[in-house]
Amino acid sequence: MIDAINQVFTLFRLNYHNQYLKAFGNAAELNEVKRLWLEMLGQFDARTLLAAAKSVIETSEYLPTLRTMIYHCERASSNPDLPDAHSAYLEACRATSPKAAYSWSHPAVYHAGKRSDWYFLQTNSEAVAYPIFREIYEEICLSVRNGAQLDNPNPPALPEKPAEPLDKARNQEKLQALRASLKL
């Protein structure tokens, strides 16, 4: 992993020469930044880090921040069908009920919405709900990138055979029993 971080910074030095030298003028500062990046990007494998660095170089004229690098690592991760956190949040908020029957872009979105609480997502503003959803979603995405398999949501099934309707006498008996239990 240390080699991958060093390779990423070498790519940045070659590509963003003047910006790189201005940002990391001395070796002590560069080593501190590398330690921070190693800690924050440790969840990604070396292949993902290098792919993300190449993606940054192709799309940006400026030396990336750590947050930009994390974003590109997420996009380059082994599971490219995971939507970004904000898109997943919007999907979770807009999904129709029953939630388990909705056609999710990825099961991670459903599980993050369920853990965040559907009612909470529907009744709170984005400023309140999104940070909580994002934290849960990123945790789930990390587990997916590390190989966890998520169950697809199963919509509740209708009974195979509908119950037989009760006759009038049986309905009256049930009503009397209900009134007695409620002491009416």
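Any read-out appearing in this document is the output of simple, stated calculations on the displayed coordinates, not a laboratory observation. Model, not experiment: these values are computed from the prediction. When we count neighbours, we look across all protein chains shown, and the Cβ atoms used for this are built from the backbone with ideal geometry, even at glycine.
A few notes on this one:
- Across the range 85-145, C-alpha contacts under 8 Å between residues 6 or more apart give a mean separation that, scaled by the residue count, equals a relative contact order of 41 percent.
- Two-site FRET efficiency, Ala46 against Arg67, from Cβ-Cβ distance with R₀ of 22 Å, rounded to 0.05: 0.60
- On the basis of the beta-carbon distance and an R0 of 22 Å, Asp3 and Ala23 show a calculated FRET efficiency of 0.55.
- Spatial extent of the range 1-160: Rg and Dmax, with the Cα atoms as the point set, Å: 19.1, 72
- Summary of the geometry: the range 1-18 and the range 24-49, compared by the centres of their Cα atoms, lie 9 Å apart.
- The magnitude of the dipole of the chain, with charges of +1 and -1 set on the Cβ of Lys/Arg and Asp/Glu and taken from the Cα centre, is near 540 debye.
- 0 to 90° range, to nearest 10: angle between helix 46-59 axis and the chain longest Cα axis: 80
- Folded to 0 to 90 degrees: helix 85-94 orientation relative to the chain principal axis, Cα: 20
- Among Ala180, Pro156, Asn146 the positive-end extreme of the charge dipole of the range 66-184 (Cβ point charges): Ala180
- Relative contact order (%) - criterion: Cα under 8 Å, at least six apart; region: the range 2-76: 40
- Residue order, fewest to most beta carbons within 10 Å, for Ser103, Ser60: Ser103, Ser60
- Projected label distance in nm at Leu158 and Asn171, using a 7 Å step from Cα toward the beta-carbon: 2.2
- Kirkwood radius for the range 29-85, taken over all pairs of different Cα atoms as the inverse mean of 1/r, rounds to 11.7 Å.
- Protection proxy ranking, highest mean first, for peptides 37-48, 157-168: 37-48, 157-168, where packing is the per-residue count of other beta-carbon atoms within 10 Å, averaged.
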